[in-house]
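S.K.: Here it is, the structure in full.
The values are calculated or read from the model by the stated rules, or taken from the named source; none is laboratory data. Worth saying up front: this structure is predicted, and the values here are computed from it rather than measured. Virtual Cβ from ideal backbone geometry, glycine too; neighbours counted across all protein chains shown. Remember, those area values only see protein heavy atoms, side chains included, never the ligands or the DNA or RNA. Shrake-Rupley method; radii C 1.70, N 1.55, O 1.52, S 1.80 Å.
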Amino acid sequence: MKPNIRQITGLFAAAILLLATGCTDENPIEDPTPQSAERLYILNDGVYGTNNASLSVLDLKTGSVTADIFSAANGFPLGDTANDILVLEDRIAIAVNGSNIIQICDLDGKSIASTEAVPNVRKLVADEQNGFLYATSYADDGYVAKLSLEDCRLVSKAKVGYEPEGIVLYEGKLFVANTGGYAYLGGHGYEQTVSVVDAETMEVTGTIDTGMKNLYGAFLQNEKYPEYLLVNAAGDYWESPAGAVIIDCRTCSVVESFDFPATYAATLGDSFFTIGSEYDAASNGYTFHTNRIRVGAEGISTEPGLAPEGGSADDGIVKAVKEMGSPSGIFIDSDGSVFVADSGDYVNRGSVHRFGADGSFVGKYAVGVCPGHMARNR
């Protein structure tokens, strides 16, 4: 796989990776199993090459954390470099990129099926009604795999662009973000298209040119208006800047472009809440952008802030993000509670920060190494 900047940073600290399971002074309550059904699942990527990906669970009722529900349930680790998680009605699907495996487990983390039929697996989307799981892969120059959601059996494939990442499903069509992420190796450049695939036949029916390079990062449908798809573009880390676009899945067209990135995003109601991480190769540093994007029949607009209620350029969540070592994910619950992941130094355990809908701080919880993806049970 292509190590990203976070992973490269972690590799330099490999000599002290044994500290990765050390405790911090946050959330002194740590239970082997969640006590209530109100759970936030946190998928921790781990550091590439170290086999320390994990699945933490924050019990939203008690405030306790299960550090790694998967290894506790199965007696073996999740694997090397986790990349995506779906929490479905009665099961969880996890893409583990470095281990070239897709795990299906129950809501307590017990493995019930897995497959290595999709090497270099990246992102997932499910069609629960018809019983299928779709996964993007960097292998063979890039494709989408269709699998049985019951037993992970590979059904078919569709060739898309180079190094596809994000994938969503809208009215029988798969929308797939192509990155060209291996451009640094030569042979091809960065991609700037979204492939449209018929989910039943697995035939590519069209492409959407976003006008921006390297569609790596957030690829998320709006909660209230799922026809609107937010697409992050990381740029080429030098001449082509990072940015983002909104695609209307009904017309397969770009309806808005932004000059700020939306690397990490969450949705609530008609809004996207974004944390953009923009890398500058000249300075070898990052600039973070925080924005709220509203969509709907009245148009698309932006405003500052990350708090669903009374957000502003200096709300409590924005201030906290600016003070974090390495913000690496955001999730918003249906009640407006906001959760932001912080990977810290990419070596020791990261943390998840919890805020009220008004931006007030609620708590900070130690989780696994490099927390990058969060999802609620239903």
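S.K.: Per residue, how large is the accessible surface of the range 223-289? Use a 1.4 angstrom probe and give square angstrom.
M.R.: Details: 2760 Å² over 67 residues.
Here the residues of the range 223-289 average 41 Å² of exposed surface.
S.K.: May I pose another question? Okay, helix-only estimate at 222 nm for the chain: each DSSP H run of n ≥ 4 adds -39500 (n - 2.57), divide by all residues, round to 500 deg cm²/dmol; what do you get? Intermediate results must be reported in sequence, preceding the final value.
M.R.: Working: 3 runs with 21 residues, N = 378.
Taken over the chain, the calculation gives -1500 deg cm²/dmol.
S.K.: While we're on this one: So, taking all protein chains as they sit and a 1.4 Å probe, how much accessible area belongs to Met374, in Å² rounded to tens?
M.R.: Using a 1.4 Å probe on the heavy atoms, I get roughly 30 Å².
S.K.: So what are the ³J(HN,Hα) numbers for the range 302-315, from phi and the Karplus equation (6.51, -1.76, 1.60; θ = phi - 60°), rounded to whole Hz, Gly and Pro as x?
M.R.: 10, 8, x, x, 10, 7, x, 10, x, x, 7, 5, 10, 5
S.K.: Something else now. Using θ = phi - 60° and the Karplus form 6.51 cos²θ - 1.76 cosθ + 1.60, what ³J(HN,Hα) does each residue of the range 67-77 get, whole Hz, x for Gly and Pro?
M.R.: Computed from phi, the couplings for the range 67-77 are 5, 8, 5, 5, 5, 5, 7, 10, x, 8, x Hz.
S.K.: What is the gain in length, in nm to one decimal, between Asp141 and Val362 on full extension, counting 0.36 nm per residue of separation less the C-alpha to C-alpha distance? Intermediate values should be presented prior to the final figure.
M.R.: Numbers: separation 221, 0.36 × 221 = 79.56 nm, distance 4.45 nm.
Result: 75.1 nm gained on full extension.
S.K.: Something else about it: Give me the extension gain from Lys224 to Asn130: residue separation times 0.36 nm, minus the current Cα-Cα distance, reported in nm with one decimal. Write out the running numbers ahead of the final one.
M.R.: Details: separation 94, 0.36 × 94 = 33.84 nm, distance 2.27 nm.
Residue separation times 0.36 nm, minus the Cα-Cα distance, leaves 31.6 nm.
S.K.: Sorting Phe219, Phe76 by accessible area (1.4 Å probe), largest first, what list results? Numbers along the way, then the final one.
M.R.: Details: Phe219 25, Phe76 90 Å².
Largest to smallest exposure gives the sequence Phe76, Phe219.
S.K.: Taking a probe of 1.4 angstrom, what is the accessible area of Lys159 in Å², to the nearest 10?
M.R.: Surface accessible to solvent at Lys159 totals approximately 110 Å².
S.K.: For Asp140, Asp315, write out the residues from largest to smallest accessible area, computed with a 1.4 angstrom probe and no ligands counted. Provide the component values of the computation, followed by the final result.
M.R.: Working: Asp140 110, Asp315 10 Å².
Final ranking, largest accessible area leading: Asp140, Asp315.
S.K.: Rounded to whole Å, give me the distance from the Cα center of the range 287-325 to that of the range 331-365.
M.R.: Result: 15 Å between the Cα centres.
S.K.: Further, regarding this structure: Evaluate the distance, in nm, between pseudo-label points positioned 7 Å from the Cα of Thr287 and of Glu200 along their respective Cα→Cβ axes.
M.R.: If labels sit at Thr287 and Glu200, their model points lie 4.8 nm apart.
S.K.: Compute the Cα gyration tensor for the range 222-378, then decide on rounded, prolate or oblate, letting a ≥ b ≥ c be the square roots of its eigenvalues: rounded whenever a/c is under 1.5, prolate when a/b is larger than b/c in the other cases, and oblate in all that remain.
M.R.: Details: a/c = 1.73, a/b = 1.15, b/c = 1.50.
Taking the square roots of the gyration eigenvalues as a ≥ b ≥ c, the range 222-378 is oblate.
S.K.: Under a 1.4 angstrom probe, counting protein chains only, how are Glu150, Glu163, Glu227 ranked by accessible area, largest first?
M.R.: Working: Glu150 125, Glu163 5, Glu227 25 Å².
Putting Glu150, Glu163, Glu227 in descending order of accessible area: Glu150, Glu227, Glu163.
S.K.: Can you give the accessible area of Asp335, probe radius 1.4 Å, in Å² rounded to 10?
M.R.: Taking all protein chains as shown, Asp335 has close to 100 Å².
S.K.: Can you send over the carbon and sulfur percentage of the accessible area for the chain, probe radius 1.4 Å, protein chains only? The partial results should precede the final answer.
M.R.: On the way: 7220 of 14950 Å².
Of all accessible area on the chain, carbon and sulfur atoms account for 48 percent.
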